[in-house]
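A short reminder: the numbers here are calculations on the coordinates, not readings from a lab. Just so we're clear, the structure is a prediction, and the values are computed from it rather than from any experiment. Neighbour counts run over all protein chains shown; Cβ positions are idealised from the backbone, glycine included.
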């Protein structure tokens, strides 16, 4: 029932957005929808936590964690959007409906235990996301949309191919194939290893495209640079998590089949490549939204490296997923604020944020520290965890590259964006096309960003037992996808 | 002609059509090639089921019908409408010339056959050609996608790639639930629909459908 | 024994030598029928040859012996190839393992001398034709070789009369699609090598668009007769390869077999005539694409054959 609500609530409010007559009503519907979704998600934690045994849908620890993260991000974004949105939005109905449809698709994705269903949900999510990028209209937005659409479609098709390969691997055993993660993992010993490997690689490339792993990340700076910043926040913190979930499902099957080392090595390769690519493009970038997009590529790399490093790294990776959501939300919210204030994407034209809006300046400074993984923000701990895990496994090369590239990104981000905070505001600012946002709008926008940042700061400094437990259970599920009692039951079945 | 030969022949034709799409410059012809390829694919599930001497079941008919309705009729219709209403009817100067891309395509096909021999199937398939032809179609679609400039041709490349995935899915005909396949078809359709809308916007924005105009976004 | 066999081959040899111009005549008649004309008399090619043979020869002062040798070597190469290719009867006059390579190179040798003779005139028109002929020849050769390879793998033989013999019936039933592709490739090779539409238009009168015809502008008298006859013979040879590959006769008595081949060759000429009447010549820059297509067809066939024989 809860599961159904998680999909139906956003869909219902999305439909409401389509029919409501006035803009404030529609905005209210969207915010209510997102908050209702957050409530249902919170409710789902209170329910008896019997992990899913079979069936197409269910909330396993990983899915539940991701669902919560996505829900929080959507709630924050919807509040932020009240402050961000402008009256002259073209076809606001479709836009808001698409946001809620995206939320529904991502929820369905998090709870789907069946690989095919997961694929359908992910594809639906990317289709719902496409109109969001094209929202600003014009040639540049069109270009970003086209690249996003084409690359993601190809990526998703490759992911489907990967899922088919896994299914073929499973035909060795029996005539009927059930593509649920638990079933596959339970009978993992019978999977054909060659096809499983091929399937994992294809799925990694496919979902990796969607997640924005290098070398298939090239749509990302374009889309994040052209989409409205709150949408970029949803992408960087939410949609990417969905694609990451796809990779994790495949990884779970592989590690159950004893191919964990194989899969892990590839994850590390793609992860390091992503961080290195981000490092190259962050340095000297003069567009703050594109620069933030590259930091997203970097953080995606960190996520997959963590998983690739086995059990110790998995925890760090889950921690990173959480902080990535909080951090990407906050930074893109601030980017949207800056864009409203300065009407430019160029870093060179944005100076003296601290004087023009002291609160925004302080928040951006904090957000930058969080992005670069300075303590006590959570990303410090997740990245440290990955370094420790790499050391523990003796992967010194990976460790060295990881630290080196992270340092380059750190220097790149700081040298590029610190001048935005300090310095003098441009003296003779050409009269901006739009008037600066009103006071209440500014406060809503900054409030949403501040809330996420504060959460990130708080969860970095002090981790409540509940949060830690959820992360640990998700990390455990990565290497042992079959819930304990199911495995026991299966053993009992075999014994007689 | 036994179902076995029919399947083989259809698969070879599918590959040839994929190669043919690299040689053709008229967009309308490209769409026709794609429709023909999909038509062949639509009958494969039926042929595969009747190979075992059974009457094709509900499952096969629904997939065949869905493919027929979407990939043979609806999508080609949308695309040819786009072409008819637009000013662009030909792919004039592709990134990779026609002859060169046909040769590269042939190499890809040969490569696919070579790779397929290294992927022994766990069970005996309906036809040995399924895996190599799936890989060939996939790579030919990818080649079409990257070597052409017109937005419509790129969409068609994506569709051919999707057809390759479909062929591999034939191996799983009996094993996968119907719902999944219909979901995939539906997603594909919506995807192409959205692509068509974007192509329409590209045309309005730039007066034609060349994607090389889409190069404003890059690192300076 | 061998004398007897040689004697038995005499009637076939006579028919084979007499046949080529008639095939050209069939093509001409088909085209005329499509255009609603009566067309030239059936024996017109023979009259032409007779007329040319009686004429004297004119040689330009700039030409060397290469120009004189061209038509003769070309015809000689083709006649030698004719002894290795099964035409009416299943077995060729001569044959040994690997003769398929000799046949391919004999065809290439003939073309090379035609090209050299054209270059020897020093005329820019002929040079242009020679360049085109050489280009297209180079591009059609891989298709021919790949087709041979497919048949060699399918019949496990390298001797042309076995590769094109009744043994082909087996491959047709097991790798039918591949054989179909080979026939397609061979048809394109045939049209290219014999300079028919859609590659070249034998009836064209504009030097700029010609390929083969422009190369032989300077030849006259018996030399030109040799060239015309050589072109017809080439059509017969490649046509025989095509017909034998497409329709293997298994266990047919000789008195049905040979006449059937004649009928099939005539039908092929008819088909070429239909192609010529219904298609326009391709733009020159599209020709390589078509030849690439033939190569691709043949290579796909080879891949299919390999997959099947590995199984």
Within 10 Å of the Cβ of an average residue in C:288-301, the count of other chain Cβ atoms is 5
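Once the Cα gyration tensor of segment C:129-201 is found, what semi-axes does its equivalent ellipsoid get, as square roots of 5 times the eigenvalues, in whole Å, sorted largest first?
Numbers: eigenvalues 145, 31, 17 Å².
Value: 27, 12, 9 Å, ordered largest first.
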How large is the Kirkwood hydrodynamic radius of chain C, counting all unique pairs of alpha carbons, in Å? 20.0
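Mind checking the mean number of beta-carbon atoms from other chains within 10 Å of the Cβ atoms in A:116-125? Please list the in-between numbers first.
Details: counts 8, 4, 0, 4, 7, 2, 1, 7, 5, 0.
Mean shielding by partner chains, rounded to a whole number: 4.
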Given 20 °C and 1.002 mPa s, compute D for segment C:83-234 with the Stokes-Einstein relation, Rh being the Kirkwood radius over Cα pairs; round to the nearest whole µm²/s. 128
Using only the alpha-carbon atoms, how far is helix B:178-206 inclined from the longest principal axis of chain B? Give it as 0 to 90 degrees, nearest 10. 10
Hey, how much of the P(r) for segment A:55-163 falls beyond 18 Å, as a percent of Cα pairs? 57
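Cβ neighbours within 10 Å, averaged per peptide: list B:191-203, C:63-75, A:231-243 in order, most packed at the top. Write down the numbers at each step before the final one.
Values: B:191-203: 20.5, C:63-75: 18.2, A:231-243: 27.6.
Top to bottom by mean Cβ count within 10 Å: A:231-243, B:191-203, C:63-75.
Name the shape class, rounded, prolate or oblate, that the alpha-carbon gyration tensor gives for segment A:324-402, where a ≥ b ≥ c are the square roots of its eigenvalues, rounded holds for a/c under 1.5, and otherwise prolate holds if a/b is larger than b/c and oblate otherwise.
Details: a/c = 3.33, a/b = 2.66, b/c = 1.26.
Prolate, because a/c is 1.5 or more and a/b exceeds b/c.
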Which order do peptides C:86-98, A:95-107 fall in by mean Cβ count within 10 Å, highest first? A:95-107, C:86-98
Each residue of A:152-165 has, on average, a number of other protein chain C-beta atoms within 10 Å of its C-beta equal to 6
Given all pairs of different Cα atoms, what value in angstroms does the Kirkwood hydrodynamic radius of segment A:293-449 take? 16.7
On Cα atoms only, tilt of B:27-51 relative to the major axis of chain B in degrees: 10
At 222 nm, what value in deg cm²/dmol follows for chain B if DSSP H runs of at least 4 each add -39500 (n - 2.57) and the sum is divided by all its residues, to the nearest 500? -24000 deg cm²/dmol
Distance between the C-alpha centers of segment A:69-130 and segment A:133-184? Whole Å please. 18
The exposure ranking of C:141, B:124, A:383, fewest beta-carbon neighbours within 10 Å first, is B:124, C:141, A:383
Across segment A:219-261, how large is the tail of the calculated P(r) beyond 17 Å, expressed as a percent of all Cα pairs? 47
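Out of every Cα pair in segment A:186-231, what percent are spaced more than 16 Å from each other?
Values: 574 of 1035 pairs.
Pairs farther apart than 16 Å: 55 percent.
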Over segment B:48-90, one equal point on each Cα, no solvent: what is log10 I(q)/I(0) by the Debye formula at q = 0.22, 0.32, 0.35 Å⁻¹? -0.73, -0.98, -1.05
Kindly provide the pair-distance distribution of chain A built from C-alpha pairs, with 20 Å bins from 0 and whole-percent values in order of increasing distance. 25, 58, 15, 1, 0
Tell me the relative contact order for chain C as a rounded percent, counting alpha carbon contacts under 8 Å between residues six or more apart. 29
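I'm a student and want to see the number: the projected area of the Cα convex hull of segment C:155-311, averaged over all directions, in nm². Please list the in-between numbers first.
Numbers: hull surface 44.6 nm².
Across all orientations, segment C:155-311 yields a mean hull projection of 11.2 nm².
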Extent of segment A:148-245 along each principal axis, from alpha carbon coordinates, in Å, largest to smallest? 49, 21, 18
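Output the Kirkwood hydrodynamic radius of chain B, Cα pairs only, in Å rounded to one decimal. List each step's numbers first, then the result.
Numbers: mean 1/r = 0.0555 Å⁻¹.
In chain B this quantity evaluates to 18.0 Å.
Please arrange A:168, C:227, C:175 by counting, for each residue, the other beta carbons lying within 10 Å of its beta carbon, fewest first.
Working: A:168 28, C:227 21, C:175 25.
The fewest-first ordering by Cβ neighbours comes to C:227, C:175, A:168.
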Compute the projected area of the convex hull of the Cα atoms of the protein assembly as shown, averaged over all viewing directions, and report it in nm² to one decimal place. 51.4
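Report, to two decimal places, the Cα Rg of segment A:276-346 normalised by 2.2 N^0.38 Å (N = number of residues).
Details: Rg = 14.2 Å, N = 71, 2.2 N^0.38 = 11.1 Å.
Cα-based Rg divided by the globular estimate yields 1.28.
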I'd like to know how segment C:85-146 sits against the 2.2 N^0.38 Å rule of thumb: what's its Cα Rg over that expected value? 1.41
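So how do C:55, C:31, C:234 line up by other beta-carbon neighbours within 10 Å, fewest first?
Numbers: C:55 13, C:31 20, C:234 24.
Ordered from fewest to most neighbouring Cβ atoms within 10 Å, C:55, C:31, C:234 come out as C:55, C:31, C:234.
What value, in deg cm²/dmol to 500, does the helix sum -39500 (n - 2.57) over DSSP H runs of n ≥ 4 give at 222 nm once divided by the residues of chain C? Intermediate results must be reported in sequence, preceding the final value.
On the way: 12 runs with 226 residues, N = 311.
Calculated from helices alone, the mean residue ellipticity at 222 nm is -25000 deg cm²/dmol.
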Counting helices only, and only those DSSP H runs with n ≥ 4, report the 222 nm mean residue ellipticity of chain A as the sum of -39,500 (n - 2.57) divided by its residues, in deg cm²/dmol to the nearest 500. -26000 deg cm²/dmol
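Report, as a whole number in µm² per second, the diffusion coefficient that Stokes-Einstein gives for segment A:431-479 at 25 °C and 0.890 mPa s using the Kirkwood radius over alpha carbon pairs.
On the way: Rh = 13.9 Å.
My calculation gives 177 µm²/s for D.
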What is the mean projected area of the alpha carbon convex hull for segment B:98-216, to one decimal in square nanometres? 9.0
Of the convex hull drawn through the C-alpha atoms of segment C:232-300, the volume per residue in Å³ is 113
P(r), alpha carbons of segment A:71-116 - 10 Å bins starting at zero, rounded %: 23, 46, 23, 8, 1
When the Cα atoms of segment A:179-295 are enclosed in a convex hull and the volume is divided per residue, what value in Å³ results? 88
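Sorting check: for B:16-28, B:83-95, which peptide has the highest mean count of neighbouring beta carbons within 10 Å, and how do the rest follow?
The peptides rank, most packed first, as B:16-28, B:83-95.
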What is the log10 of I(q)/I(0) for segment B:79-154, computed with the Debye formula using one identical point scatterer on each Cα and no solvent, at q = 0.14, 0.15, 0.17 Å⁻¹? -0.58, -0.64, -0.74
Starting from the Cα gyration tensor of segment A:362-428, multiply each eigenvalue by 5, take the square root, and state the resulting semi-axes largest first in whole Å. 31, 13, 5
